[in-house]
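The values are calculated or read from the model by the stated rules, or taken from the named source; none is laboratory data. Just so we're clear, the structure is a prediction, and the values are computed from it rather than from any experiment. Cβ: placed from backbone, ideal geometry, glycine included. Neighbour counts: every protein chain shown. To get the accessible areas, we keep the full protein, side chains included, count just its heavy atoms, and leave off ligands, DNA and RNA. Shrake-Rupley method; radii C 1.70, N 1.55, O 1.52, S 1.80 Å.
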Amino acid sequence: MTQIDFHTNIPDKFLYTCRLVRKARASQCQIVILTSHADDLATLDRTLWTFSEQDFLPHVAANDPLARQTPIILTSDETIDLPHHQVLINLSGHTPSHFARFERMFEIVTLNETDKNDSRERYRFYQQRGYQLSHSIAANA
């Protein structure tokens, strides 16, 4: 059963996701990052390439021919066949239809009130279905 971690109070979801990906890659995890639309996907792509001069986080879009060989997959399309199902980072703002295929999922929740309210609904949804949930609150600096 998928372990679900809620990370809330996040001021910048893209930068936070990059740090989370770096940590997961240090443990050799394969990661899929789901966004809600192409604009977020483009922002995430740029941020992954530029957030740290010391870290290389190889990533491609899910429909790229190199996706099966690449440890970090970016997508805004839930219907596409994904090459791996170890870690899902959800930036989409809704419950992914395929989340149960993954060993672990991170729900990234920003300071935005709509995002917070939507995340509470997702938390209840997972909780009512018996998923193992954890919650960590980012300290705002």
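Check the stretch 86-103 and report whether any residue there is hydroxyl-bearing (Ser, Thr, Tyr) and in contact with a Cys (Cβ under 6 Å, 6 or more places away or on another chain).
For the stretch 86-103, residues hydroxyl-bearing (Ser, Thr, Tyr) and in contact with a Cys (Cβ under 6 Å, 6 or more places away or on another chain): absent.
Are there any pairs with C-beta distances below 6 angstrom linking a residue in the stretch 78-96 that is in a loop (DSSP other than H, G, I, E, B) to a residue that is among the aromatic types (Phe, Trp, Tyr), with the two at least 6 apart or on different chains, and if so which?
Close Cβ pairs (under 6 Å, with a partner that is among the aromatic types (Phe, Trp, Tyr)) amount to 85/102; 95/125.
How many residues are of a type in the set (Ser, Thr, Tyr), open to solvent by 30 Å² or more (accessible area, probe 1.4 Å), in contact (Cβ under 8 Å) with a residue 12 or more places away in the chain and in a loop (DSSP other than H, G, I, E, B) if we restrict to the stretch 6-56?
Total meeting the criteria: 1.
Restricting to the stretch 62-84, what's the tally of residues that are more than 20 Å from residue 15 (Cβ to Cβ), open to solvent by 30 Å² or more (accessible area, probe 1.4 Å) and under 14 Å from the mean Cα position of the chain (by Cα)?
Going residue by residue through the stretch 62-84, those that are more than 20 Å from residue 15 (Cβ to Cβ) are 62-70, 77-84.
Next, from what is left, pick out any that are open to solvent by 30 Å² or more (accessible area, probe 1.4 Å): 63-66, 68-69, 77-81, 83.
Going one step further and asking which of them are under 14 Å from the mean Cα position of the chain (by Cα), we end up with 77-78.
Residues in the stretch 62-84 being more than 20 Å from residue 15 (Cβ to Cβ), open to solvent by 30 Å² or more (accessible area, probe 1.4 Å) and under 14 Å from the mean Cα position of the chain (by Cα): 2 in total.
Would you mention how many residues in the stretch 102-138 are out of contact with any Asp or Glu (no Cβ under 6 Å at 6 or more places or on another chain), open to solvent by 30 Å² or more (accessible area, probe 1.4 Å) and in contact (Cβ under 8 Å) with a residue 60 or more places away in the chain?
Counting residues in the stretch 102-138 that are out of contact with any Asp or Glu (no Cβ under 6 Å at 6 or more places or on another chain), open to solvent by 30 Å² or more (accessible area, probe 1.4 Å) and in contact (Cβ under 8 Å) with a residue 60 or more places away in the chain gives 12.
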